[in-house]
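Novice: There's a structure below that I have some questions on.
The values are calculated or read from the model by the stated rules, or taken from the named source; none is laboratory data. Everything numeric here is computed off the predicted structure, so don't read it as measured data. No Cβ is skipped: glycine too gets one built from the backbone with ideal geometry, and neighbour counts run over all protein chains shown.
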Amino acid sequence: MEAAVVIKGEVHWFDLGHGNNQDAEWLALIEAVKLSQTLGLEHVELIGDALEVVDHANRAMRNSAGEQGHAAIFAALVENLRPARIRWIKRQQNLAGIALASRHPR
């Protein structure tokens, strides 16, 4: 698996090892949070095209009690510096997805 994170128009690539689509979506979100924190960015808007992950991340951010796995990792990362927003967009609008697709044309 690999992920792309786009920040201020620049694509950042991540090798995520092995897993399924759900793992890839969560790990991309987690890498986006880590990178934005490393860059010292605040009021970050996280965007994803996996509605289930976006919804779960929003719930985990509001109340992390009982979260496990990727959601627990995400919640711990955003505990002290929450993103301004996490929102869903269509796959065709997702710049990270477009970058991945251009890297691996079918």
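Novice: Filter the range 44-81 down to the residues that are of a type in the set (D, E, K, R) and over 13 Å from the mean Cα position of the chain (by Cα), then identify the one that is surrounded by the most Cβ atoms within 10 Å (Cβ to Cβ). I'd like the intermediate steps shown before the answer.
Specialist: Narrowing the range 44-81 to residues of a type in the set (D, E, K, R): 45, 49, 52, 55, 59, 62, 67, 79.
With over 13 Å from the mean Cα position of the chain (by Cα) added as a condition, the list becomes 59, 62, 67, 79.
On the way: Arg59: 13, Arg62: 9, Glu67: 17, Glu79: 10.
Step by step, filter the range 44-81, then rank; the result is Glu67.
Novice: Taking Leu95, is it surrounded by 12 or more Cβ atoms within 10 Å (Cβ to Cβ) and under 16 Å from Leu16 (Cβ atoms)?
Specialist: On the way: surrounded by 12 or more Cβ atoms within 10 Å (Cβ to Cβ): yes; under 16 Å from Leu16 (Cβ atoms): no.
When the stated conditions are applied, Leu95 does not pass them.
Novice: Suppose we filter the range 70-98 for residues that are free of Cβ contacts under 8 Å to residues at least 40 places away in the same chain and either touching a Lys or Arg at 6+ places or on another chain (Cβ under 6 Å) or outside any loop (DSSP other than H, G, I, E, B) (or both); how many remain? Spell out how you get there, then give the answer.
Specialist: Going through the range 70-98, the residues free of Cβ contacts under 8 Å to residues at least 40 places away in the same chain turn out to be 72, 75-76, 79-80, 82, 92, 98.
Narrowing further to those that are either touching a Lys or Arg at 6+ places or on another chain (Cβ under 6 Å) or outside any loop (DSSP other than H, G, I, E, B) (or both): 72, 75-76, 92, 98.
Number of matching residues: 5.
Novice: Yes or no: the range 1-9 includes at least one residue that is surrounded by 18 or more Cβ atoms within 10 Å (Cβ to Cβ), of a type outside the set (A, V, I, L, M, F, W, C) and farther than 14 Å from Arg87 by Cα. Break it down into steps so the answer makes sense when it comes.
Specialist: The first filter runs over the range 1-9 and keeps only residues surrounded by 18 or more Cβ atoms within 10 Å (Cβ to Cβ), leaving 3-5.
Pick out the ones that are also of a type outside the set (A, V, I, L, M, F, W, C) and you get none.
No; the residues of the range 1-9 include none that is surrounded by 18 or more Cβ atoms within 10 Å (Cβ to Cβ), of a type outside the set (A, V, I, L, M, F, W, C) and farther than 14 Å from Arg87 by Cα.
Novice: On the given criteria, is Lys34 more than 14 Å from Gly97 (Cα to Cα), at pLDDT 95 or above and either loosely packed, with under 15 Cβ neighbours inside 10 Å or not aliphatic (A, V, I, L, M) (or both)?
Specialist: Criteria met by Lys34.
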